[in-house]
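Chemist: Mind looking over this structure? Questions follow.
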Amino acid sequence: MENSSSNNRFRSTVFNHDDEVRNDQDKEYVGFATLPNQVHRKSVKKGFDFTLMVAGESGLGKSTLVNSLFLTDLYKDRKLLNAEERITQTVEITKHTVDIEEKGVKLKLTIVDTPGFGDAVNNTECWKSVADYIDQQFEQYFRDESGLNRKNIQDNRVHCCLYFISPFGHGLRPLDVEFMKALHEKVNIVPVLAKADTLTPSEVKKKKIKIREEIEQYGIKIYQFPDCDSDEDEEFKQQDLELKESIPFAVIGSNTVVEAKGKRVRGRLYPWGIVEVENSAHCDFVKLRNMLVRTHMQDLKDVTRETHYENYRAQCIQSMTRMVVKERNRNKLTRESGTDFPIPVVSGVTDNETEKLIREKDEEVRHANHEPESHYQHDHDHEHEPEHNTDHNECSESPANPETHSDQLVDEAL
Ligand code: GDP
């Protein structure tokens, strides 16, 4: 042993150059260069999921486009309502899930549809149930990730919303503006100009410019494609620029295959000719599909997680904090003067929901600690004793006490 180590020392002084070469070789063998492969293998094994919402007036071709995008029939058992039924129709939210596989990569695709949106005679606030649905998915995720078992959380958060704009209007309608403004901070909105085959190329161009201007004018924050790195090649930069200028994507959908120039293609057959869905001279379908599936799916998920969900989470915690501060103050005031004062309410998350959340969390923690009920009762009563009143004392109590647990939340949040 000793011999070999002294040999090593000797070699390291005498054969310095050889050692450097060996070090270089050794570097190759450390093996962290395989990390991307490991991540790749693991994520392929686990599979991917993506939730896409489609919204817009009925009849604009939403279901046809979704079927064309993913080459599946997701709307087999759809029931269409007649005019009378639609008069008082409320917006429904439906979910279709398909597992698709391509070259061994599995994708669990969920399509959230909003039938009835914009269909009734009075469409005031018809975006509300869509916004509530998105919030509910955030709330469920928030509960799950703050629970004790976080391993197999089912993530139903909506990653992207394709908003269909009618080709027949002059730009955006009030309902479009209302919808996008109400949802732009909850979900990545990608506007699309529906049924583009009903417009001439110059009409498409003009409408796109008008819609982009209106989006800007009304302060609507649609999904922003990330800027490409300065070291990307020119071709990539050009594609990126074209993508940004395509907004809103002018799309055409079709569930039928027709023959065009001796080839079978997905398209629409008219007496005067054929419009091909996948022909980029006819529409932006391929650009939209590439963006959604090939180039930006992961970014859409990242923005959902890092921006939209984070906003929701921060609001939730803020609201919980306020509620606990309110509770603390009420306790103090009840002891001193018996009066109360108002606390501002954060929109989106109600006090009742927050209270329920806090109670559930405390319940979970108590179960986890196997805390007997009587102990909890004892601590809780103790909290109201006049001499036990400093913040420090409150925080150092057992986590089984709901007020103490809430206090910790407040302290963390503050
Ligand atoms: P949804 O109610 O928004 O889901 O609309 P559908 O997909 O059911 O389509 C309504 C009607 O429009 C159907 O007759 C479709 O064949 C037709 N349609 C769908 N996509 C297009 C399109 O891109 N161009 C034209 N001209 N018609 C379309």
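Chemist: I'm checking my understanding of the structure. Among residues of the stretch 253-283 that are closer than 21 Å to LYS206 by Cα and without any contact (Cβ under 8 Å) to a residue 60 or more places away in the chain, which one is surrounded by the fewest Cβ atoms within 10 Å (Cβ to Cβ)?
Modeler: ALA281
Chemist: Report every pair of residues separated by at least 6 positions or lying on different chains whose Cβ atoms are under 7 Å apart, first residue within the stretch 190-216 and over 23 Å from HIS296 (Cβ atoms), second part of a helix (DSSP H, G or I).
Modeler: If the second residue must be part of a helix (DSSP H, G or I), the pairs left are LEU199/LYS207.
Chemist: Listed residues ARG9, ARG22, ARG41, ARG86; which is modelled with pLDDT of 75 or more and of a type in the set (D, E, K, R)? Let's see the steps before the verdict.
Modeler: Details: ARG9 fails: modelled with pLDDT of 75 or more; ARG22 fails: modelled with pLDDT of 75 or more; ARG86 fails: modelled with pLDDT of 75 or more.
Only one candidate passes the filter, namely ARG41.
Chemist: Further, regarding this structure: Mind checking which residues of the stretch 284-294 are over 13 Å from CYS160 (Cβ atoms) and surrounded by fewer than 18 Cβ atoms within 10 Å (Cβ to Cβ)?
Modeler: Hits for the stretch 284-294 are VAL286, ASN290, ARG294.
Chemist: Out of the residues in the stretch 33-58 that are β-branched (Val, Ile, Thr) and assigned to a strand (DSSP E or B), state the one that is farthest from the ligand (Cβ to nearest atom). Give the steps one after another, and end with the answer.
Modeler: Our first condition is that a residue be β-branched (Val, Ile, Thr); within the stretch 33-58, this holds for 34, 39, 44, 51, 54.
If we keep only those that are assigned to a strand (DSSP E or B) as well, we get 51, 54.
On the way: THR51: 18, VAL54: 8 Å.
Of everything passing the filter in the stretch 33-58, THR51 is farthest from the ligand (Cβ to nearest atom).
Chemist: Look at the stretch 284-297 and say how many of its residues are over 22 Å from the mean Cα position of the chain (by Cα) and farther than 16 Å from PRO201 by Cα. Outline the logic, then answer.
Modeler: Taking the stretch 284-297 as the starting set, the residues that turn out to be over 22 Å from the mean Cα position of the chain (by Cα) are 284-286.
Of the ones still in play, those that are also farther than 16 Å from PRO201 by Cα are 286.
Residues that pass the stated criteria total 1.
Chemist: Scan (1) out of contact with any strand residue (DSSP E or B) (no Cβ under 7 Å at 6 or more places or on another chain); (2) surrounded by 14 or more Cβ atoms within 10 Å (Cβ to Cβ); (3) among the acidic types (Asp, Glu); (4) closer than 21 Å to ASP302 by Cα for the single condition GLU178 breaks and write down its number.
Modeler: (4)
Chemist: Among the numbered criteria (1) over 18 Å from VAL190 (Cβ atoms); (2) away from the ligand (no atom under 16 Å from the Cβ), which one does LEU292 miss?
Modeler: The number of the failed condition is (1).
Chemist: State yes or no: is HIS170 more than 16 Å from the ligand (Cβ to nearest atom) and within 30 Å of TYR141 (Cβ to Cβ)?
Modeler: No: the conditions fail for HIS170.
Chemist: Something else now. Yes or no: the stretch 142-161 includes at least one residue that is within 16 Å of the ligand (Cβ to nearest atom) and in contact with a helix residue (DSSP H, G or I) (Cβ under 9 Å, 6 or more places away or on another chain).
Modeler: If we filter the stretch 142-161 for residues that are within 16 Å of the ligand (Cβ to nearest atom), which is where we start, we get 161.
When the remaining residues are screened for being in contact with a helix residue (DSSP H, G or I) (Cβ under 9 Å, 6 or more places away or on another chain), the result is 161.
Yes, the conditions are met somewhere in the stretch 142-161.
Chemist: Among the numbered criteria (1) at pLDDT below 90; (2) out of contact with any Lys or Arg (no Cβ under 7 Å at 6 or more places or on another chain); (3) closer than 19 Å to PHE48 by Cα, which one does ASP99 miss?
Modeler: That leaves (2) as the condition not met.
Chemist: Okay, moving on. How many residues, within the stretch 126-136, are of a type outside the set (Lys, Arg) and farther than 15 Å from GLN315 by Cβ?
Modeler: 5
Chemist: Something else: Could you check, for the stretch 225-238, whether at least one of its residues is more than 25 Å from ASN290 (Cβ to Cβ), touching a residue at least 40 places away in the same chain (Cβ under 8 Å) and surrounded by 12 or more Cβ atoms within 10 Å (Cβ to Cβ)?
Modeler: no
Chemist: Ok, one more. Got at least one residue in the stretch 201-212 being out of contact with any Phe, Trp or Tyr (no Cβ under 7 Å at 6 or more places or on another chain), under 14 Å from THR295 (Cα atoms) and not acidic (Asp, Glu)?
Modeler: Within the stretch 201-212, none of the residues are out of contact with any Phe, Trp or Tyr (no Cβ under 7 Å at 6 or more places or on another chain), under 14 Å from THR295 (Cα atoms) and not acidic (Asp, Glu).
The values are calculated or read from the model by the stated rules, or taken from the named source; none is laboratory data. None of the values given here were measured: they were computed from a predicted structure. Cβ: placed from backbone, ideal geometry, glycine included. Neighbour counts: every protein chain shown.
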